[in-house]
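The values are calculated or read from the model by the stated rules, or taken from the named source; none is laboratory data. Keep in mind the model is a prediction, meaning the values are calculated, not measured. Cβ atoms come from the backbone with ideal geometry, glycine included; neighbour counts cover every protein chain shown.
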């Protein structure tokens, strides 16, 4: 692995702080609300299908998730979603938007030391703009970052635009995140390096088959292991 | 007015392209859907109150607008919003997200010539990230801009952050937009200049009382008049 990069990008949700578990809990709540109409499995599948279909309208984030839950509720109840459940879904969304930010073990220490060793740190995250900004503020991690980029998607072109904007060459850029699909593959494809830190829960939409042996890539179990790789 | 700035920021909605009129049309549709429960005036007022209350959760943009319409519908029908109306509201939101981008007269010519004369142009807009990105792509205006900044709000600190990030001093920055509250006052307050171009429709949340005589500020009727002011 090339260790000459000076710029390190960090995914936020499930890399710096917990996120997916909140969505999974919300999904469980949603399944309970509609348990008289369908099994949890059916509901989860219907919600996922509608979420994916709606990405082109809503992008990623909680507001789109809430709108997709409502649409799924309508579909499952054959257009007869009760006012009670509708209210519960909207409250569930607002609760999600107000969840405390729970940092993943070791994050603050790793960022502190990487900053100390002169790396330029960047957050690269997708989701709703206001929601991600508020999470960053609440996280107390803003001070470690040179730049924060909230993107509508994490495809090669989004990374390429970011690197152009920062005036950084791909070979000088390392991305760290929990999603092979969003944080690793597009960065490798444009000539950067990537570290994968799997999180215990991953949204099915982010799943990819085993990527096998790749150059400029490694997988670690915890963010603290970055120290060993970069030898800082 | 100081004419020495090299950087010009443009608001997007209702400065580069039509926007507010689409929201007003959607509001009219919404009032029609619920006309059996309340007058258009009552519905508009209730929706506005809920929108403003929800800004802290949803920020600005269409997804939050849709969620607020649903909440207003629930309130007005005493929790008995019909599935039919709920579906109509969700469709209305998706229609809004797919509206064609209708450029305001003179915009492309003005941007073309300002770019030609060496000004660095920046878009500064609030709203949903994906929605604003798609509008910019569809507008065909991306090529004129050095940088595009989609912000969650347009307060002094948001402008200050942007200028720091671009490494631009406030005295070298001119902002152009249709909202005194969002595009003019915060920029003047941090030491920049601003041009106000009123649009025929302004969301009530953006209204401010007459601002009187201000330094580093002028008002024009159409974007084409920028040429006279900058003498290009």
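Looking at residue A:11, is it more than 14 Å from chain B (Cβ to nearest Cβ), touching a strand residue (DSSP E or B) at 6+ places or on another chain (Cβ under 6 Å) and either without any contact (Cβ under 8 Å) to a residue 12 or more places away in the chain or within 30 Å of residue A:139 (Cα to Cα) (or both)?
yes
If I filter segment B:38-52 for residues that are more than 8 Å from every other protein chain (Cβ to nearest Cβ), more than 30 Å from residue B:6 (Cβ to Cβ) and not in a helix (DSSP H, G or I), do I get at least one hit?
yes
With A:91, A:21, A:82 as the choices, which residue is without any contact (Cβ under 8 Å) to a residue 40 or more places away in the chain and closer than 23 Å to residue A:135 by Cα?
Unique residue meeting the criteria: A:91.
Here's a check for you: in segment A:152-170, which residue that is assigned to a loop (DSSP other than H, G, I, E, B) and out of contact with any strand residue (DSSP E or B) (no Cβ under 8 Å at 6 or more places or on another chain) is nearest to residue A:206 (Cα to Cα)?
Among residues in segment A:152-170 that are assigned to a loop (DSSP other than H, G, I, E, B) and out of contact with any strand residue (DSSP E or B) (no Cβ under 8 Å at 6 or more places or on another chain), the one nearest to residue A:206 (Cα to Cα) is A:155.
Considering only helices (runs of 4 or more DSSP H) fully contained in segment A:56-119, which possess at least 3 residues that are surrounded by fewer than 19 Cβ atoms within 10 Å (Cβ to Cβ) and within 10 Å of chain B (Cβ to nearest Cβ)?
In segment A:56-119, the matching helices (runs of 4 or more DSSP H) lie at A:83-97.
For residue A:78, only one of the following conditions fails: (1) within 24 Å of residue A:180 (Cβ to Cβ); (2) in contact with a helix residue (DSSP H, G or I) (Cβ under 9 Å, 6 or more places away or on another chain). What is its number?
(1)
Identify all residues within segment A:120-140 that are in a strand (DSSP E or B) and within 14 Å of residue A:16 (Cβ to Cβ); write none if there are none.
Correct list: A:121, A:122, A:123, A:124, A:125, A:126.
Looking at the structure I just gave you, is residue B:143 over 26 Å from residue B:205 (Cα atoms), touching a residue at least 60 places away in the same chain (Cβ under 8 Å), outside any loop (DSSP other than H, G, I, E, B) and more than 18 Å from the chain's Cα centre (by Cα)?
For residue B:143, the condition - over 26 Å from residue B:205 (Cα atoms), touching a residue at least 60 places away in the same chain (Cβ under 8 Å), outside any loop (DSSP other than H, G, I, E, B) and more than 18 Å from the chain's Cα centre (by Cα) - is not met.
Based on what the data block shows, is residue B:190 closer than 20 Å to residue B:124 by Cα and either modelled with pLDDT of 95 or more or surrounded by fewer than 14 Cβ atoms within 10 Å (Cβ to Cβ) (or both)?
Taking the combined requirement at face value, the residue satisfies it.
Mind checking whether some residue in segment B:59-73 is closer than 30 Å to residue B:215 by Cα and under 16 Å from the mean Cα position of the chain (by Cα)?
Yes - at least one qualifying residue is present in segment B:59-73.
In segment B:177-207, how many are over 13 Å from the mean Cα position of the chain (by Cα) and assigned to a helix (DSSP H, G or I)?
5
Limited to segment A:137-150, what total is found for residues that are over 13 Å from residue A:112 (Cα atoms), surrounded by fewer than 20 Cβ atoms within 10 Å (Cβ to Cβ) and either in contact with a helix residue (DSSP H, G or I) (Cβ under 8 Å, 6 or more places away or on another chain) or within 12 Å of another protein chain (Cβ to nearest Cβ) (or both)?
4
Does residue B:134 count as in the same structural domain as residue B:222 (by TED's automatic domain parsing) and either surrounded by 15 or more Cβ atoms within 10 Å (Cβ to Cβ) or within 28 Å of residue B:31 (Cα to Cα) (or both)?
For residue B:134, the condition - in the same structural domain as residue B:222 (by TED's automatic domain parsing) and either surrounded by 15 or more Cβ atoms within 10 Å (Cβ to Cβ) or within 28 Å of residue B:31 (Cα to Cα) (or both) - is met.
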